[in-house]
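Read through the structure below, which is laid out as structure tokens, and then see the notes.
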Amino acid sequence: MVAQVRTYRIMVETTVIGKRSLEVPKVLEVLRHRTFGRLFAAQIVALVGTGLLTVALGLLAYDLAGADAGAVLGTALAIKMVAYVGVAPVISAVTDRVPRKALLIGADAIRAAIAVLLPLVDQTWQIYVLIFLLQAASATFTPAFQSVIPAVLVKQEDYTRALSLSRLAYDLESLLSPILAAALLTMISYNYLFLGTVAGFVGSALLVMSTVLPRPAPADRSVPLIHRITLGARVMLGRPVLRGLLAMNMVVAAATALVVVNTVVYVRDLLGGSNTGVAVALGCFGGGSMLIALAVPRVLAAVPDRRLMLTGSAVLPVGLAAAALMLLTAPAPTLGWPLLAGIWIVLGAGTSMINTPSARLLRYESDEQNRSAVFTAQFSLSHACFILTYPLAGWVGAQVGQVTAAAALTVLATLAGLLATRVWPAQAEPITEMAAAGRR
């Protein structure tokens with residue numbers, strides 16, 4: 001895992017060699033912060049473990065269900081969303097007095113224990129139960145982890161760079177984990193990939209254990225539980241800037257669903273490509289996201305968050321419309337491949353314009369008392385959007401047609417983008433170091 005962390009750092013440093021405008025060295029400066037450096041390493045090893053789990057789970061589902069493996073994985077994905085949407089706010093409210101370090105280590109320990117059990121299952125229902133428990137632990141870990149970073153990195157500039165690195169880590173994981181899994185599968189059975197998952201979660205727990213984290217503000221237990229559970233959602237709905245973010249979550253979900261669900265269909269059926277082509281197409285999406293993630297700190301020094309994020313909300317419907325037009329015209333592979341690659345790069349860039357700065361809004365619009373609840377609400381509500389967009393991309397595409405699915409997602413993203421523009425007032429206070437200090 002240490003070697004994997006070094007690989008990530010090398011790739012970050014060399015991804016855009018010669019493009020000084022992206023300021024990669026400055027982005028990496030935040031890793032000099034000892035506590036954040038360890039937390040970032042914990043995030044990376046946990047992401048690698050999760051990536052190996054994704055590959056191993058697909059192979060396990062095929063062993064158990066054969067041709068019905070897609071249905072098994074689809075159900076597992078639905079269970080994941082239910083856990084993220086339903087469990088996260090409850091766990092956040094119930095554990096509001098638990099020290100963040102203990103909560104993060106406990107969640108990692110649960111995830112590691114479940115990963116140990118997965119190779120032992122021999123019934124599909126057992127997969128569903130274990131996946132629910134694992135994703136419930138992830139729904140505990142991720143919002144708590146995200147809410148700790150603003151307390152660790154007080155300077156707005158450092159925090160923005162941390163967000164860029166975090167986005168970059170997610171994109172690199174989606175590219176490197178399948179490659180790592182493929183290399184390992186040439187030497188070992190897929191069941192041993194679960195041990196890699198265990199190592200990732202254990203490594204994450206050990207790195208968190210070695211850090212000193214700020215104590216959260218004391219929770220007010222005189223407030224009824226239901227009010228604590230809904231606190232984050234009520235804060236987000238009550239503030240215009242965060243209402244705009246809620247609308248933009250739907251724009252991101254529409255674009256992401258099209259890519260995640262239908263890339264394989266477009267590559268294999270429309271372009272006559274192979275599984276390698278699917279990986280290349282997904283790499284284009286991740287590459288577009290990575291380039292924007294690296295550029296965000298420099299961009300946000302020159303333009304407001306609102307302008308960048310609403311630009312992303314405008315770019316994504318255009319990309320979705322281009323995908324629908326490509327499907328409608330059914331171009332030959334010689335033209336279709338460049339079109340698909342270009343559209344996927346645009347969609348990746350658009351999602352990163354929204355996702356990368358979003359935590360800045362959450363930090364700025366919350367305080368020490370409600371910050372954990374607000375981050376949890378964003379985690380839960382953003383994933384709730386996928387409950388609509390995944391079926392829209394998958395079921396409508398399969399039953400009605402891919403053109404109709406892409407067009408429907410285009411309309412949904414356009415309406416959500418217009419709503420974000422309307423509810424996030426143009427005169428909202430810009431997020432600057434001085435303004436953030438004033439809030440604190």
Could you tell me which of the residues V346, V411, V374, V396 is free of Cβ contacts under 8 Å to residues at least 12 places away in the same chain, more than 20 Å from G273 (Cα to Cα) and part of a helix (DSSP H, G or I)?
V411
With more than 30 Å from R100 (Cα to Cα), touching a helix residue (DSSP H, G or I) at 6+ places or on another chain (Cβ under 6 Å) and aromatic (F, W, Y) as the only criterion, which of F379, F375, F285 stands out?
F285
Only one residue in S164, S174 is assigned by TED's automatic domain parsing to the domain that holds G37, touching a helix residue (DSSP H, G or I) at 6+ places or on another chain (Cβ under 8 Å) and either buried (at least 21 other Cβ atoms within 10 Å of the Cβ) or of a type in the set (K, R) (or both), so which one is that?
S164
Can you list the helices (runs of 4 or more DSSP H) found entirely within region 75-167 that contain at least 3 residues being on the phi < 0 side of the Ramachandran plot and among the aromatic types (F, W, Y)?
124-152
Does any residue in region 244-257 that is farther than 8 Å from S382 by Cβ come within less than 8 Å, Cβ to Cβ, of a residue that is among the basic types (K, R) six or more places away or on a different chain, and which pairs are these?
G244/R306
(1) modelled with pLDDT of 90 or more; (2) closer than 17 Å to T351 by Cα: which one isn't true of A408, the others all being true?
(2)
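What about P143, is it buried (at least 23 other Cβ atoms within 10 Å of the Cβ), at pLDDT 85 or above, assigned by TED's automatic domain parsing to the domain that holds V98 and closer than 22 Å to A83 by Cα?
yes
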Taking region 185-201 and keeping residues surrounded by 18 or more Cβ atoms within 10 Å (Cβ to Cβ) and either more than 25 Å from the chain's Cα centre (by Cα) or modelled with pLDDT under 85 (or both) leaves Y190
Checking the structure you have, find out if any residue of region 123-136 is in contact (Cβ under 8 Å) with a residue 40 or more places away in the chain, within 20 Å of R34 (Cβ to Cβ) and within 16 Å of the chain's Cα centre (by Cα).
no
For residues in region 242-264 being of a type in the set (V, I, T) and at pLDDT 95 or above, which is surrounded by the fewest Cβ atoms within 10 Å (Cβ to Cβ)?
V252
Identify the single condition in (1) at pLDDT 75 or above; (2) on the phi > 0 side of the Ramachandran plot that G66 does not satisfy, given that it satisfies every other one.
(1)
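Taking the stated definitions as given, is S204 over 30 Å from G417 (Cβ atoms), in contact with an Asp or Glu (Cβ under 7 Å, 6 or more places away or on another chain) and either surrounded by fewer than 18 Cβ atoms within 10 Å (Cβ to Cβ) or among the small types (G, A, S) (or both)?
For S204, the condition - over 30 Å from G417 (Cβ atoms), in contact with an Asp or Glu (Cβ under 7 Å, 6 or more places away or on another chain) and either surrounded by fewer than 18 Cβ atoms within 10 Å (Cβ to Cβ) or among the small types (G, A, S) (or both) - is met.
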Of all residues in region 146-161, count the ones that are surrounded by fewer than 20 Cβ atoms within 10 Å (Cβ to Cβ) and aliphatic (A, V, I, L, M).
3
Test for A182: is it among the small types (G, A, S) and at pLDDT 85 or above:
no
I'm told G66 meets every condition in (1) out of contact with any Lys or Arg (no Cβ under 9 Å at 6 or more places or on another chain); (2) touching a residue at least 40 places away in the same chain (Cβ under 8 Å) except one. Can you identify the failing condition by its number?
(2)
Quick check on this structure: which one of V94, V90 is within 28 Å of L246 (Cβ to Cβ), at pLDDT 85 or above and over 19 Å from the mean Cα position of the chain (by Cα)?
V90
Would you point out which residue out of A107, A88, A112 is out of contact with any Leu (no Cβ under 6 Å at 6 or more places or on another chain) and without any contact (Cβ under 8 Å) to a residue 60 or more places away in the chain?
A107
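The values are calculated or read from the model by the stated rules, or taken from the named source; none is laboratory data. Small disclaimer: the values here were computed from a predicted structure and weren't measured. For neighbour counting, all protein chains shown are included, and Cβ atoms are generated from backbone atoms with ideal geometry for every residue, glycine included.
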